[in-house]
1. Looking for whichever is surrounded by fewer than 19 Cβ atoms within 10 Å (Cβ to Cβ), under 22 Å from F97 (Cβ atoms) and among the hydroxyl-bearing types (S, T, Y) here; the options are T124, T150. Which one fits?
2. What helices (runs of 4 or more DSSP H) completely inside segment 129-193 contain at least 1 residues that are without any contact (Cβ under 8 Å) to a residue 60 or more places away in the chain and over 15 Å from P114 (Cβ atoms)?
3. Filtering segment 42-62 down to residues that are in a loop (DSSP other than H, G, I, E, B) and in contact (Cβ under 8 Å) with a residue 60 or more places away in the chain, which residue is nearest to M180 (Cα to Cα)?
4. Please indicate, with yes or no, whether at least one residue in segment 121-128 is charged (D, E, K, R), closer than 23 Å to L190 by Cβ and not in a helix (DSSP H, G or I).
5. Using beta carbons and a limit of 8 Å, which pairs, at least six apart or on different chains, have the first residue in segment 63-82 and under 16 Å from L183 (Cβ atoms) and in a loop (DSSP other than H, G, I, E, B) and the second one of a type in the set (S, T, Y) and open to solvent by 50 Å² or more (accessible area, probe 1.4 Å)?
6. Does L164 meet the test of being open to solvent by 20 Å² or more (accessible area, probe 1.4 Å) and in contact with a Ser or Thr (Cβ under 6 Å, 6 or more places away or on another chain)?
7. Can you find a residue that is open to solvent by less than 50 Å² (accessible area, probe 1.4 Å) and assigned to a strand (DSSP E or B) anywhere in segment 103-111?
8. Could you give me the residue pairs with C-beta distances under 6 Å whose first residue belongs to segment 113-127 and is touching a residue at least 12 places away in the same chain (Cβ under 8 Å), whose second residue is crowded, with 16+ Cβ neighbours inside 10 Å and assigned to a helix (DSSP H, G or I) wherever it lies, and which are 6+ apart or on separate chains?
Amino acid sequence: MKAGFALTPDVVARYFTGRRPTDMFADVENAAGRKLPADFALTVAAATLRRFRAELRATKHVAHALSWLRGPKCVASSASIDRIRISLECTDLIRYFDPYLFSASDVRNGKPAPDLFLHAAAKTRAHPSKCLVVEDSAVGVVAGVSAGMTVIGFVGGSHAGTQLASHLRSAGARTVISDMRALKGTIIDLRGW
């Protein structure tokens with residue numbers, strides 16, 4: 001949906017990836033000095049879900065990486081719970097995470113605040129220092145680090161630009177991977193966490 005705001009894909013990827021839609025839209029309104037159309041958020045959400053159902057595919061090798069990991073695994077996303085569930089169902093990954101699906105709409109402050117990760121840790125009865133986070137956004141890395149968790153940056157997603165790895169490292173990721181086949185070795189290397 002077009003609303004008359006000039007935002008390039010690079011700007012969106014750099015400043016909005018990993019953030020709650022309500023926070024993103026508020027920032028756009030503040031920067032532009034005007035309101036988005038009243039139905040903008042609902043229209044964007046519906047269009048996103050339609051596109052996910054038609055086009056979304058799992059990241060290569062992620063199912064293998066998830067099969068190897070033991071213990072509870074969760075999704076702690078800035079997306080709505082509907083978007084999280086549909087994403088996981090469309091990619092056939094729901095079996096690895098359900099019932100541990102957590103949305104930033106469940107907490108007061110979205111990423112980069114640690115609230116969502118601390119909420120997920122509490123619900124799964126895991127001490128934050130024992131949690132490992134795989135994140136593809138700088139705000140998500142900041143949130144994980146602020147929560148006292150070990151964060152691995154991931155740059156293998158379709159939104160990953162050439163600068164993402166350096167942004168994730170600058171935000172505090174202990175290491176960065178571009179291929180899910182590297183996750184097992186990376187976790188073994190970080191076992192001191």
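1. When all the criteria are applied, what remains is T124.
2. Helices (runs of 4 or more DSSP H) meeting the threshold: 164-171, 183-189.
3. Narrowing segment 42-62 to residues in a loop (DSSP other than H, G, I, E, B): 56-61.
If we keep only those that are in contact (Cβ under 8 Å) with a residue 60 or more places away in the chain as well, we get 59-61.
Working: T59: 8, K60: 7, H61: 6 Å.
Ranking the candidates gives H61 first.
4. yes
5. Every condition considered, the pairs that remain are K73/Y100; C74/Y100.
6. Taking the combined requirement at face value, the residue does not satisfy it.
7. yes
8. P114/A143; P114/S146; L116/A104; F117/A143; F117/G144; A121/P128
The values are calculated or read from the model by the stated rules, or taken from the named source; none is laboratory data. Quantities reported herein were computed from a predicted structural model and do not represent experimental measurements. Glycine also receives a Cβ, built like all others from the backbone with ideal geometry; neighbour counts cover every protein chain displayed. For accessibility, only protein heavy atoms count, side chains too; no ligands or nucleic acids. Shrake-Rupley method; radii C 1.70, N 1.55, O 1.52, S 1.80 Å.
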